Every structure is written in C-alpha cells, then in structure tokens.
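In what follows, a single structure is set out as structure tokens and then discussed.
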Amino acid sequence: MRHSTVGIIGAGPAGLVLGNLLLGAGIDCVIIERQSREYCQKRVRAGLLEEPTVSLFRRQGWADRLLAQGLEHNGTELRYLGRRIRLDYGQLVGRTMHVYPQQEVVTDLIEIFLAKGGELHFEVDDAAIYGVDCDRPTLRFAGQERSCDFVAGCDGFFGISRPALGPVDAWDRHHEFGWVAMLAAVGPSTDEIVYALGPDGFAGHMLRSSTVSRFYVQCPPGDVIESWSDDRIWSALQNGLASPGWTLAEGPVIEKSIVDMRSYVVADMRRNRLFLAGDSAHIVPPVGAKGMNLAIVDACVLFDAVRRFLSLGDETGLDAYSSTCLERVWRIQDFSMWMAWMLHTLPEAHPDRSYSLARSHAQLRYLERSRAYQTQFAENYVGFPMPVTV
Ligand code: RFL
C-alpha cells in the first residue's frame, strides 16, 4: 500500500493552505477533492481576507496576484436610520484588510501546489477513511488505498471527516434570520464595504472588483430563492442601504442564492490521527466575514503541530491543536454573533422584535461615539495575530 505522511480531504482554503505549507517544508502529502478543478475555482463564497491571512500569503510567496488584483481596505461603513458611521480600522488598530474573492485564493493555491509537484486528485467521489483508531489511518479513494500518518479533514461542513470521528459533542444553533446573497455585474457604488440595518433588517454591499459586486439582504430562515425576483432583491437593497445623497447602481444579476445562518462548533477537533480543519469543525454566521480566515488559521496550526512532531518528536502541538484552534473560533463566534444581532431584525411577528431593534440602535449609537467600542470592533474585524509562527 502506498503511504503519504499527510492525507488531506478537501481542496478548499483549509486543505490547500495545509498542502502548500507541507509541500514547502518537504513533508509529503496528498489532497483529494470531490469536485472538478473548474468547479472549485468558480465557487463564489468569501471575499475578505484578514490581515494575518494576507501576511501569511506574503511570507509564503503566495501573494503575487492577491497584491496585484486585491483591494486593500482601511475602513468600513455601518448605516442605520439614515446615519453613516465610518470605522477606520487602519487608524484604530494600524492594520488593513484585503478584498480578494475566495475562488481566486483557491485558484492561486491550486496553481502553486501543482506547480511545486503536489499530488492533487479532483473528482474523487468515493473518499473514505478507515482505521481512525490506528496509528496509520487509511484513505481509500478512486480505487486505491493510501496509509497516512495523519489525515486532515478539510472537507467542509458536509464532508465525510466529521462523521468519521464518531459521535461528537457540538454546539449547533440556527439563527432567526438568513441572507439572500447576490452577485451582480455592476461596479461598486461605494469605496468600502457597507453594512446597514435598514427598516427590514440587514442589507450589505460588499466589493469584489471594478465590474462585479456582491450584495446581501436579510430574509427569513428557510426562505427559498424562488421567492426573490431580481427586482425584489434590488428594491430591498435600495431600501436597506438608502442614505441621503447616495445612489446604488444596479446591474444584471450573475448569481443569487440563500445563505443559511448557522453557528456550529465541535467540542474536539481531533480523534487520534484524524484532525478536522475549517468548516468541517466550525461554522460562523458570515456577517463578520470570518469562515475562510478561520479555516486558514486551523491549517497553519495543524501544519506547525505536524512539523514539530516529525522534526522533534514533540507531540505538544498535536495535543494542543483543538484547544488552540477553538480558542480563536469561540472569540470569532462571539464577534460574529455580536455583529449579526446588531445588524439584523427579528421576524415581523416576533414578540421581541421592537426590543431587539431598540437595542441594535443603542449599540450603533454607542459605536458612533465611542473610540473604545470602535477599537473593539476593529481588533476583531481585522483579525488577531496567528497563534503560531508560519
Ligand atoms: P470548503 O471551502 O467548504 O472546502 C471543502 C472542500 O472539501 C470538498 N469536499 C470533499 N472532497 C473529497 N471528498 C469528500 N467527501 C468531500 N466533501 C467535501 C469540497 O468540495 C470543498 O472543495 O471548506 P474550508 O476549506 O474549511 O473553507 C471554509 C470557507 O470556504 C468558508 O468558511 C467561507 O466561505 C465562509 N465565508 C466567508 N469567510 C470569510 O473568511 N470571509 C468572507 O467574506 C466570507 N463570506 C462565506 C462568505 C460563506 C458564505 N457561504 C456560501 C456559506 C459568504 C458566504 C455567502
């Protein structure tokens, strides 16, 4: 049976960052991915990179396209009741963020991995993990078996890795709101990302490029995209983002979907030699734009632990892997929920709707005038330093 030091399931941000770090350190690995390369490189999702993510890409020499095509940002804007709050995180905490779509991150990381001679199998629809309790678990895929010292489950929320841990303790919370997400062929009507609490709840204008923009509007949980015509989405955005003297340019809709709002965290991201990383272990509501960044941090922590074990026989990183990652995950759960509740309304008929709205307005008023509150936002938003040096 062939052997790989690390078997990685999933070629999303977590799997590709881990694979590239391992390859760069001379540690052999294999990545198996269910989808085609083209599908992975076109899957529209996240778009905001924290400062520690960008710094990692720079240090590793992965940032050429990101720095050439990504947009560096110093601040963001919150709107409510016709008011606009500019949060200058560049000035508040001295760090910036980059807008660079997740599919471009994935495209770059696939390209770099393959150019270095990495082994990556696309369109594998039969991946399975065996012998999780042995010291050498086996990956079965595409009619072959591969023994591994470590298996990294980077296969997202609906992958096979988390079930392979056996029954897990986890926190799982569905929220009282969802999002309609829309990608449109129109240049941005703003220089910075705008988050708004409008009369019907959240509306967001995200940036992607000079010709394409991303928008979100709040919808009830469990809503279906068929009830959202293009006109209805534009009208909800016009209403939610409205601000005196500002106009929102509309354009053809490229793609639209419903985003489920969910928080999920496993209690332990490891079983013996199987380690979960990224969305396979935790989901945060997308309001704070954190999921991809968290996935990348997990990959760095896992790489550092594996490297220390292989070079020094030191198991402390492996033992601390789950608690190190979960410390950051819970900080971000709190931040994402804080932002989510501040910027969404409860459904019309909910008895606490007006209480919740009044509380949101109090938070936004405080954010408008308190530098301390703004700094708390900025520190969480731009991302805390990585827990390991990679
Ligand atoms: P991924 O990206 O889901 O990748 C998992 C990969 O595993 C593959 N796979 C399998 N492969 C082999 N065998 C199997 N059995 C497999 N099962 C699955 C999948 O095909 C896939 O290629 O997980 P990863 O790497 O953990 O990365 C997580 C991020 O993708 C996710 O957290 C973010 O997209 C979340 N997110 C955002 N994160 C940010 O940091 N900033 C943002 O601005 C941001 N905006 C968003 C978002 C997520 C969104 N949606 C769609 C939920 C906006 C939205 C709308």
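We did not get these values from a lab; they are worked out from the coordinates using the rules stated. All values reported here derive from a predicted model rather than from experimental measurement. Note that we place each Cβ from the backbone using ideal geometry, even for glycine, and neighbour counts take in every protein chain shown.
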The farthest towards the positive end of the charge dipole of the chain, of the residues 102, 76, 387, given +1 on Cβ of Lys and Arg and -1 on Cβ of Asp and Glu, is 76
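Please give the net charge around residue 251, taking every other residue with its beta carbon less than 14 angstrom from that of residue 251, where Lys and Arg add +1 and Asp and Glu add -1. Before the final figure, lay out each step's value.
Details: positive: 208, 214, 256; negative: 230, 231, 250, 255.
Cβ neighbours under 14 Å give a net charge of -1.
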In the stretch 198-238, if every C-alpha pair distance is counted and binned at 10 Å from zero, what percent goes to each bin?
-> 26, 54, 19, 1
How far, in degrees from 0 to 90, does helix 13-24 lean away from the longest principal axis of the Cα atoms of the chain, to the nearest 10?
-> 40 degrees
With bins of 5 Å, the percent of all Cα-Cα pairs of the stretch 209-275 per bin from 0 is 3, 12, 19, 17, 13, 9, 7, 7, 6, 4, 2, 0
Highest-fluctuation residue, 142, 68, 358 considered, GNM on the chain with Cα pairs under 10 Å | 68
Given the peptides 255-268, 166-179, 14-27, arrange them by the average over their residues of other C-beta atoms within 10 Å, most packed first.
-> 14-27, 255-268, 166-179
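What percent antiparallel are the DSSP beta bridges of the chain, to the nearest 5?
Numbers: 49 of 70 bridges.
In the chain, DSSP labels about 70 percent of beta bridges as antiparallel.
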Relative to the longest principal Cα axis of the chain, at what angle does helix 230-241 sit, 0 to 90 degrees, rounded to 10?
-> 70 degrees
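Let me know the shape class of the stretch 313-390, please: from the alpha-carbon gyration tensor, a ≥ b ≥ c as square roots of the eigenvalues, rounded when a/c is under 1.5, otherwise prolate if a/b is greater than b/c, or oblate.
Working: a/c = 5.15, a/b = 2.04, b/c = 2.52.
Because a/c hits 1.5 or more and a/b fails to exceed b/c, the stretch 313-390 counts as oblate.
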By the gyration tensor of its Cα atoms, with a ≥ b ≥ c the square roots of the eigenvalues, what is the shape of the stretch 61-120: rounded for a/c under 1.5, prolate for a/b over b/c, or oblate?
-> prolate
The stretch 324-384 and the stretch 46-71: distance between their alpha carbon centers, rounded to Å = 26 Å
Quick one: which of 370-379, 215-224 comes out on top by average Cβ neighbours within 10 Å, and what's the full order, highest first?
-> 215-224, 370-379
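Mean shadow of the chain, computed from the convex hull of its alpha carbons, in nm²? The partial results should precede the final answer.
Details: hull surface 76.7 nm².
Result: 19.2 nm².
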Candidates per trypsin sites (Lys or Arg not before Pro) in the stretch 65-157, loop by DSSP, up to 16 other Cβ within 10 Å = 116
If unit charges are put on Cβ atoms (+1 for Lys and Arg, -1 for Asp and Glu) and the dipole of the stretch 137-181 is taken about its Cα centre, the option from 168, 142, 153 lying farthest towards the positive end turns out to be 142
Tell me, what is the percent relative contact order of the chain, built from C-alpha pairs under 8 Å that lie six or more residues apart?
-> 20 percent
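State the percent of C-alpha pairs, over all pairs in the stretch 1-131, separated by a distance greater than 27 angstrom.
Details: 2661 of 8515 pairs.
So the pairs more than 27 Å apart make up 31 percent of the total in the stretch 1-131.
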Choice from 61, 291, 118 showing the highest fluctuation, given a GNM over the chain with Cα pairs closer than 10 Å | 61
Measure nothing fancy, just the Cα-based angle from helix 353-369's long axis to the longest principal axis of the chain, in degrees from 0 to 90, nearest 10.
-> 90 degrees
